Amino acid sequence: WYFDMPNSVALDGKGGMYLTYQQHRIIKTSTDGRFLFSWGQYGQGPGEFWNPQYVALDAFGAVYVADTLNSRIQKFTPNGEFISSLGTFGTGPGEFKLPRGIAIDSDRGWLFVADMGHNLYGGSNNRIQKFTLDGSFLLQWGTGGNGPGQFDRPDVVAVDRNGFVYVADTYNHRIQKFDSDGAFLLQWGQLGSGSGQFDQPRDVKVTPD
């Protein structure tokens, strides 16, 4: 088996690892690299993908996939069985343009999605959307710009154990931090190659502490 531009990886804490890649499939391997199984193919139906980007797991083992060019999030069992789908193309609540990063707060039952958007697809959404784990829309925040709480194609989102949300604000070359309701807390970084500077940061992770 092989990869064609792998995009994202998530660990299940039980020796399993899920990966997305640009052949419109999800692969599960062991953490020492042994192939276990895969699912998906190109398409728009349940369990099909169009350039899936990021993958995340909740505390129950459910697998969430940012099915980016289909403008939706799909949810599966740990064995790859389709459960549900969230989102369609658009700018309204619960709609997406190129959703990429996914972060899950299982303790509180929240799902955060970096709804990046792109001018090639009719303008950027430049926002973070928050849902319950069963896909009910809760709130959103962000607009285009470079001020506090604004974004220029936010790529990835992460959440810590206290519920604080971190966003890789890619084309603003910074990381922003929010509370779980989207209130801006702080930011750091600017364009450059020095310590604490960034050039299009595309991912962010939070350690357990």
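The values are calculated or read from the model by the stated rules, or taken from the named source; none is laboratory data. From a predicted model like this one, the values you see are computed outputs, not experimental measurements. Please note that ligands, DNA and RNA were not included when accessible areas were found on the heavy atoms of the full protein model with its side chains. Shrake-Rupley method; radii C 1.70, N 1.55, O 1.52, S 1.80 Å.
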Number of Lys pairs in the chain with C-alpha atoms less than 16 angstrom apart, excluding same-chain neighbours closer than eight positions? 6
Measure out, as a whole number of angstrom, how far apart the alpha-carbon centroids of the range 127-175 and the range 60-125 sit. 13 Å
Using each residue's phi in the range 49-54, evaluate 6.51 cos²θ - 1.76 cosθ + 1.60 at θ = phi - 60° and report the 3J(HN,Hα) Karplus result to the nearest Hz, with x for Gly and Pro. 9, 9, 6, x, 10, 9
In whole percent, the fraction of accessible protein surface over the chain that belongs to carbon or sulfur atoms, probe radius 1.4 Å, stands at 50 percent
Given the convex hull over the Cα atoms of the range 53-172, what projected area results after averaging over all orientations, in nm²? 6.8 nm²
Expressed in nm², what is the orientationally averaged projection area of the convex hull enclosing the Cα positions of the chain? 11.5 nm²
Mean accessible surface per residue for the chain, computed with a 1.4 Å probe while every protein chain stays in place, in Å²: 46 Å²
Contact order normalised by length for the chain, with contacts defined as Cα pairs under 8 Å and 6 or more residues apart; what percent is it? 10 percent
Nonlocal amide H pairs with G90, under 5 Å, H built at 1.01 Å: F96, K97
